[in-house]
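Here the structure is laid out as structure tokens; the discussion comes afterwards.
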Amino acid sequence: MTVPASKGSDDGLGGSVGACEIAREVRAGRLSAVDVATAALARAEACQPQVNAFTTVTAERALEAARAVDRVVDEGGDPGPLAGVPFAVKDLFDLAGVPTRAGSMVLAERDAPGRDAEVIRRLGAAGAVVIGALNMDEFAFGFTTENTHYGPVRNPRDLRCSAGGSSGGSAAAVAGGVVPFTLGTDTNGSIRVPSSWCGVFGLKPTYGSISREGMQLFSDSLDHVGVMARTAEDLGAVFGVVADSPLTGAPLPPRPRVGVLGGWFVDKAGPAARAAVDRVAEAMSATRDVELPLAGAAHAAASVITYAEAGELHLDRIRNDRHRLDPVVRHRLVAGALLPADWYIRAQRVRARWVEQLTSAFEHYDLLLAPATPFVAQPIGTETVTIDGEDLPARPATGWLTQPLTPTGVPIGVAPIAGLDGAGPLPLGVQVVAPAHHERWVLDALARLEDAGVASSPVTEIGGTES
Amino acid sequence: MSTLVAMAEDLRTYTVVAAGLLGIELDQDEIDPVVAQVERVARLVDALPRVPDDAATMAPRFTP
């Protein structure tokens, strides 16, 4: 079987083929892991000038790992469930021998870590092949990956637009067909926002379910590790490898009780967001308007907690080395360090009540739905978005619908919906929210939406057509 | 605006003094942007309802 090196090509195991399919072919000896890695590296190189998804490409390491997989197959051994599957990671996970930048110039000058982050070790043990590190907002503090130091990540669906953030490179590399899956992190929506804007499937699992060892933190009590991919099956396969506990429990009931979050989640959503939710709600026979009165306060609480925890985390850096940070990030971090303890504790108390409120909703519903973003991807540099006649501050508003849900720590998937009226080629994601440790229900729901043709993540030929 | 910030003469004074207490000597051109960020967070805090203090938000809970 041939592996085309051109970006997005699909005449063989090219850019639009999923992780599970690649692994099946490599494990069966029908495809060489070296050929797969070579093709992925070529796609990364071809994509980079336009999309700017990568901060580092680890070609030599990738080919060495791929050769090791091929040797195991040749010798009749088990190369692992993700044998030969190329992937890349947000540039805040340690890769041995490569400085972990976290989107910052300050960190780029530190010594390179001596070993991989735990999640990368697990993926390597499963046969997956890492090909590089991905661009992001500095210290993950942003929703648009308009990085001052490393340049903006452009959206493969429309190169004029942002890929979203802070895991913008992770979403763009999947949407552009460079790799079938990537790792990202989500503190206020940093997996869900770029998944929505780039039109890929995303999974922010239950808080604490994936190791953060060897990762640059942002806001300790909110940081989640997660996955982006082009199919629900691939999300599940990767989660099964990197999670501390495998996917267990009963599958999603055949007729799940599905509610649509109302109030804040409708008031802050634009027409495309409401249309996307309508489409998913209809497919899942959802009940309308589940009102959770603390949602707006939860958004505020998440913001306050983020500022305070990020300011504390980076205190030494902002004392001694802050002038080399992006000015906007620097000012946010300094402000965060100065917040009165009263504010942080108030936010955490609201968070505790909000968790109770959301948890009680799951007594009546198996799943809840909400848009992932209020609007589709915006052109890079956009300051204001007008929705229903109201001018909104583009960057903070981007996270309005993801931020309230993060403090609860429950698993949330993103179903990418395309073909929305007035949105052109740009998709928008719908959040599928489940009770804690019910990742299987999220993945089952995403798979059903995929099977029904409601959600999909085709590869975009950069600047061209889909395959 | 709430609590400590309301007690300060103004937000600018609070920002400069609090930064100094933490060992952060703000440059003149940093003060206004940082004040703007503190003010933004203060507005968010105003959106937080006062919920009963059960002293258990972040305290350990042991089951006998």
Quiz item: In segment A:110-190, which strands (runs of 3 or more DSSP E) lie fully inside it and hold 2 or more residues that are hydrophobic (A, V, I, L, M, F, W, C) and in contact with a Phe, Trp or Tyr (Cβ under 8 Å, 6 or more places away or on another chain)?
Solution: A:129-134, A:181-186
Exercise. Select, from A:A269, A:A275, the only residue that is in a loop (DSSP other than H, G, I, E, B), among the small types (G, A, S), at pLDDT 95 or above and more than 23 Å from A:S211 (Cα to Cα).
Key: A:A269
Quiz item: Looking at A:I412, A:I380, A:I417, A:I387, which is the one that is surrounded by fewer than 19 Cβ atoms within 10 Å (Cβ to Cβ) and either in contact with a Ser or Thr (Cβ under 7 Å, 6 or more places away or on another chain) or modelled with pLDDT of 95 or more (or both)?
Solution: A:I380
Self-check item: Members of segment A:218-246 found to be part of a loop (DSSP other than H, G, I, E, B) and at pLDDT 95 or above, listed by number
Solution: A:F218, A:S219, A:D220, A:S221, A:L222, A:D223, A:R230, A:T231
Practice problem: Looking only at segment A:344-354, decide whether some residue is away from every other protein chain (no Cβ under 14 Å), touching a residue at least 12 places away in the same chain (Cβ under 8 Å), within 25 Å of A:P293 (Cβ to Cβ) and not in a loop (DSSP other than H, G, I, E, B). | Solution: no
Quiz item: Is there a residue in segment A:203-217 that is touching a Lys or Arg at 6+ places or on another chain (Cβ under 9 Å), within 23 Å of A:Y307 (Cα to Cα), of a type in the set (K, R) and in a helix (DSSP H, G or I)?
Solution: no
Quiz item: Taking segment A:102-117 as the search range and keeping residues that are more than 18 Å from the chain's Cα centre (by Cα) and at pLDDT 95 or above, which one is nearest to A:S219 (Cα to Cα)?
Solution: A:S104
Quiz item: Would segment A:395-404 turn up any residue that is aromatic (F, W, Y), crowded, with 20+ Cβ neighbours inside 10 Å and more than 18 Å from A:V290 (Cα to Cα)?
Solution: no
Exercise. State the number of residues belonging to segment A:268-311 that are within 28 Å of A:I345 (Cα to Cα) and either among the polar types (S, T, N, Q) or within 14 Å of chain B (Cβ to nearest Cβ) (or both).
Key: 21
Quiz item: In the list A:L63, A:L95, A:L41, A:L31, which residue meets the criterion of being closer than 27 Å to A:M136 by Cα and in contact (Cβ under 8 Å) with a residue 40 or more places away in the chain?
Solution: A:L41
Practice problem: Please find, within segment A:142-177, the residue that is surrounded by the fewest Cβ atoms within 10 Å (Cβ to Cβ) out of those that are touching a Pro at 6+ places or on another chain (Cβ under 8 Å) and hydrophobic (A, V, I, L, M, F, W, C). | Solution: A:C161
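Conditions tested, residue by residue: (1) buried (at least 24 other Cβ atoms within 10 Å of the Cβ); (2) closer than 30 Å to A:A126 by Cα; (3) without any contact (Cβ under 8 Å) to a residue 60 or more places away in the chain.
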| site | (1), (2), (3) |
| --- | --- |
| A:N188 | yes, yes, no |
| A:M215 | no, yes, no |
| A:L222 | no, yes, no |
| A:P246 | no, yes, yes |
| A:G263 | no, no, yes |
| A:V266 | no, no, yes |
| A:P271 | no, no, no |
Exercise. Collect the residues in segment A:439-467 that are outside any helix (DSSP H, G or I), of a type in the set (A, V, I, L, M, F, W, C) and at pLDDT 95 or above, keeping them in residue-number order.
Key: A:A452, A:V454, A:A455
Quiz item: Are any of the residues in segment A:35-45 under 24 Å from A:T185 (Cα atoms) and polar (S, T, N, Q)?
Solution: no
Practice problem: Filter segment A:312-332 for residues that are part of a helix (DSSP H, G or I), more than 9 Å from every other protein chain (Cβ to nearest Cβ) and either surrounded by 24 or more Cβ atoms within 10 Å (Cβ to Cβ) or among the basic types (K, R) (or both) and give the result. | Solution: A:R317, A:R324
Quiz prompt | For A:T145: the one exception among (1) modelled with pLDDT of 95 or more; (2) more than 13 Å from the chain's Cα centre (by Cα) | solution = (2)
Quiz item: Which residue pairs have Cβ atoms closer than 8 Å, lie 6 or more positions apart in sequence or on different chains, and pair a first residue in segment B:19-46 that is closer than 15 Å to A:A341 by Cα and facing chain A (nearest Cβ under 7 Å) with a second residue that is charged (D, E, K, R) and surrounded by fewer than 16 Cβ atoms within 10 Å (Cβ to Cβ)?
Solution: B:A19/B:E25; B:L22/A:R319
Quiz item: Scanning for something surrounded by 21 or more Cβ atoms within 10 Å (Cβ to Cβ) and touching a strand residue (DSSP E or B) at 6+ places or on another chain (Cβ under 7 Å), does segment A:355-365 turn up at least one residue?
Solution: no
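The values are calculated or read from the model by the stated rules, or taken from the named source; none is laboratory data. All of these numbers come straight from a predicted model, not from anything done at the bench. Cβ atoms come from the backbone with ideal geometry, glycine included; neighbour counts cover every protein chain shown.
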